[in-house]
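Heads up: the structure comes next, in structure tokens.
The values are calculated or read from the model by the stated rules, or taken from the named source; none is laboratory data. The shown structure was predicted, so the numbers you read here are calculated from the model rather than taken from an experiment. Cβ coordinates were reconstructed from backbone atoms using ideal geometry, including for glycine residues, and neighbour counts include every protein chain displayed. All accessible areas refer to the heavy atoms of the entire protein, side chains included, with ligands and DNA or RNA removed. Shrake-Rupley method; radii C 1.70, N 1.55, O 1.52, S 1.80 Å.
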Amino acid sequence: MSHEPNDSIESSLFVKRKKLYPREVHGLFATLRIAGVVLLLGMFYFLPWINLNEHQIILFDLPARKFYIFHWVFWPQDFIYLALLLICAALALFLFTALAGRLWCGYACPQTVWTEVFLWIERKVEGTRSQQMKLDALPNSNKRKISLKITKHSIWLTFSLFTGFTFVGFFTPIRELYFSVIQFQLGPWESFWLLFYSTATYGNAGWLREQVCMYMCPYARFQSAMLDANTLLISYDAERGESRGRRKRGTDPKEDNLGDCIDCSLCVQVCPTDIDIRDGLQYECIGCAACIDACDGVMEKMGYEKGLVKYTTENALEGKESKIIRPRIILYSILLISILSGVLYSIETRSFVELDVIRDRNSLYREDFEGMISNTYTIKVLNMDTIDHQFEFKTTGLEGLTVSIKELIDVKAGQVLEIPLQAIIDPINLTEPTTEIYFSVSATDNDKVSTITESRFLGPIEP
Amino acid sequence: MDNKKKRLVIGILWPSFWMACITSGVVFSAIDPTELAKQNGFESLSDLAVYSIGFFFFWGICAWTGFFSIIFSQRTSK
């Protein structure tokens, strides 16, 4: 195995970054992305302020180890749902990547969404792409430059701090958090996480931008493995576009042997990762479709047919038939829908009570002076519902067994009630050294909130 | 710090950050931080403090693993 260092290649992959000034773009896909930004950030910033059943609608209450999501409450023992949800997320990513490449990156990834907001702020303060470039070319002592930069970074920082605050608000009730912030009484850990997330937002969306996608994102590295010749990707129709070149209005480009590409370079100027889509599929492409919007605008002005850059498949570009609905798409969809509906069904129908029975480890059984046999247990009743319940407690499986606790027990919402229990029986009722017995609890107001747990009763019977 | 070192440091810290997130999630869904603090004589620590310390602990361990992977993948001097 060769151990020759490959520094020349490596360093060429990490050239010193030049600042990018993605040009503002309008069109169908820009509108879709803005809709995504408004929807996702709207959910992020507003949901924590909405209350449902006296709880924040989404609250990951770490101290109480309870997750409130809509009308559901999740406990640590519901961890399986999180695992299943992650499987669903992975399947959805496979499905959408196989269908149309990096849809996630272009429209829904937090990096894209927050960068879009930061770019918007930058344009509001510093102006268009060319104005920004001119401003940056000015010396750092320029007063206008200083004041614009300070304004931009102050707005960015304020926005980042609000983002960090909202993030912490998903873990600590946001209204209480708000009052601690305005009274300067924020705890050290809350302050730390608030600043941590704010810094991450400011750094990632303000400074790093496309570098996060190019160097830090694992999905960017392996997504190409999920593509095939039938995947819809943003591509330039070279056959139609070449040879590219500028032309005068009113002349027939065919006479000059020109294709439809007028080489205006708008597709490069709008690209947030600074690639030229005309060079073919590149790993830096995040699938944002800004180049489609830019090119369609130009084609419209030129009076040419739109779609010189468009979502198309490799097969279609090669003139073959492309099949969008294909076995892997159907398979992913079926898997995704069945797991997702299974998870939802199971969440909706799960029991909100849990009963743990722990046998006393110190003694197998005890015999009192009357000859009665007793076993000791610890009963734990966990009410996972959002309302208080009264439970009917029952013991079955052994005739003549009496227990030391009341038949009706009250457990508050979210409470774990621990009760010691003694089960007593006359030995004439025992036939085996070990008998299986069943403890059950059932809410008196709702018989769906019930559960049954198996345990054993031991006695002095020779096998 | 030159560029190559910087890259290595980020290359260690970034994946281990994600691993720490996942590990914290798994571990703290099984272990109650209040109990954990009590058993180790740190009753005064809040739950959020235990979560945070746990997170940094996992981050550190994962980064340590990454650091060793890099060390062992480097060519030894002859």
Subject >> the range A:385-412, residues that are within 40 Å of the chain's Cα centre (by Cα) and loosely packed, with under 15 Cβ neighbours inside 10 Å >> reply: A:ILE387, A:ASP388, A:GLN390, A:ASP410, A:LYS412
Original post:
Which condition number does A:ALA200 fail, the rest of (1) within 12 Å of another protein chain (Cβ to nearest Cβ); (2) within 19 Å of A:ILE50 (Cα to Cα); (3) part of a helix (DSSP H, G or I) being met?
Top reply: (2)
Original post:
Quick one: is A:ALA64 touching a residue at least 60 places away in the same chain (Cβ under 8 Å), of a type in the set (A, V, I, L, M, F, W, C), within 14 Å of chain B (Cβ to nearest Cβ) and farther than 26 Å from A:LEU161 by Cβ?
Top reply: yes
**OP:** Can you give me the number of residues within the range A:197-223 that are open to solvent by 50 Å² or more (accessible area, probe 1.4 Å) and either of a type in the set (Lys, Arg) or over 19 Å from the mean Cα position of the chain (by Cα) (or both)?
**Re:** 5
**OP:** From (1) of a type in the set (A, V, I, L, M); (2) touching a residue at least 24 places away in the same chain (Cβ under 8 Å); (3) closer than 30 Å to A:LYS149 by Cα, pick out the condition that doesn't hold for A:ILE234.
**Re:** (3)
Subject >> Failed criterion for B:SER44 (all others in (1) over 19 Å from A:TRP193 (Cβ atoms); (2) within 19 Å of the chain's Cα centre (by Cα); (3) more than 11 Å from chain A (Cβ to nearest Cβ); (4) free of Cβ contacts under 8 Å to residues at least 60 places away in the same chain hold) >> reply: (2)
Subject >> Condition broken by A:ASN362, with the remaining ones in (1) exposed (fewer than 14 other Cβ atoms within 10 Å of the Cβ); (2) modelled with pLDDT of 90 or more satisfied >> reply: (2)
Subject >> Residues that are basic (Lys, Arg) and free of Cβ contacts under 8 Å to residues at least 24 places away in the same chain, drawn from the range A:140-174 >> reply: A:LYS143, A:ARG144, A:LYS145, A:LYS149
Original post:
Any idea which residue in the range A:211-259 is farthest from the other protein chains (Cβ to nearest Cβ), counting only those that are within 24 Å of B:PHE17 (Cα to Cα) and of a type in the set (Phe, Trp, Tyr)?
Top reply: A:PHE222
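Please verify whether B:LYS5 is farther than 30 Å from A:ALA64 by Cβ and free of Cβ contacts under 8 Å to residues at least 12 places away in the same chain, treating the condition exactly as stated.
On the way: farther than 30 Å from A:ALA64 by Cβ: yes; free of Cβ contacts under 8 Å to residues at least 12 places away in the same chain: yes.
Criteria met by B:LYS5.
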Original post:
If we scan the range B:32-40, do we find a residue that is at the interface with chain A (Cβ under 9 Å from one of its Cβ atoms), assigned to a loop (DSSP other than H, G, I, E, B), closer than 27 Å to A:LEU86 by Cα and among the charged types (D, E, K, R)?
Top reply: yes
**OP:** State which residue pairs qualify: first residue buried (at least 16 other Cβ atoms within 10 Å of the Cβ) and inside the range A:252-277, second residue among the acidic types (Asp, Glu) in any location, beta carbons under 6 Å apart, and separation of 6 or more residues or different chains.
**Re:** A:GLY259/A:GLU242; A:VAL268/A:ASP276; A:PRO272/A:GLU210; A:THR273/A:GLU210; A:THR273/A:GLU284; A:ILE275/A:GLU284
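Filter the range A:180-197 down to the residues that are of a type in the set (Phe, Trp, Tyr) and either part of a helix (DSSP H, G or I) or within 19 Å of A:TRP156 (Cα to Cα) (or both), then identify the one that is nearest to the other protein chains (Cβ to nearest Cβ).
The extreme case among them is A:TRP189.
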**OP:** Kindly provide the set of residues from the range A:228-243 that are surrounded by 17 or more Cβ atoms within 10 Å (Cβ to Cβ) and outside any helix (DSSP H, G or I), ordered by number.
**Re:** A:ASN230, A:THR231, A:LEU232, A:LEU233, A:ILE234, A:SER235, A:TYR236, A:ASP237
Original post:
Among A:LEU52, A:LEU99, A:LEU62, which is the only one that is under 20 Å from A:ILE292 (Cβ atoms), over 16 Å from the mean Cα position of the chain (by Cα) and of a type outside the set (D, E, K, R)?
Top reply: A:LEU99
Subject >> Pairs, first open to solvent by 60 Å² or more (accessible area, probe 1.4 Å) in the range A:325-353, second in a helix (DSSP H, G or I), C-beta under 7 Å, six or more apart >> reply: A:ARG328/A:ALA98; A:LEU335/A:LEU91; A:LEU340/A:CYS88
Original post:
Just a yes or no: is a residue in the range B:60-69 surrounded by fewer than 16 Cβ atoms within 10 Å (Cβ to Cβ) and within 12 Å of chain A (Cβ to nearest Cβ)?
Top reply: no
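Per-residue answers, yes or no, for (1) in contact with a strand residue (DSSP E or B) (Cβ under 7 Å, 6 or more places away or on another chain); (2) within 23 Å of A:GLY106 (Cα to Cα):
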| site | (1), (2) |
| --- | --- |
| A:LEU232 | yes, yes |
| A:SER235 | yes, yes |
| A:CYS261 | no, no |
| A:CYS271 | no, yes |
| A:GLU300 | no, no |
| A:GLY319 | no, no |
**OP:** With the condition kept exactly as written, say whether any residue in the range A:361-384 is within 30 Å of A:ILE69 (Cα to Cα), under 43 Å from the mean Cα position of the chain (by Cα), among the polar types (S, T, N, Q) and in a loop (DSSP other than H, G, I, E, B).
**Re:** no
**OP:** Filter the helices (runs of 4 or more DSSP H) completely within the range A:70-166 down to those with at least 1 residues that are under 30 Å from A:SER224 (Cα atoms).
**Re:** A:79-100, A:110-126
**OP:** Considering only the range A:37-57, state which residues are under 16 Å from A:ASP385 (Cα atoms) and open to solvent by less than 40 Å² (accessible area, probe 1.4 Å).
**Re:** A:GLN56, A:ILE57
Original post:
Taking the range A:420-456 on its own, how many of its residues are among the hydrophobic types (A, V, I, L, M, F, W, C) and closer than 17 Å to A:MET384 by Cα?
Top reply: 4
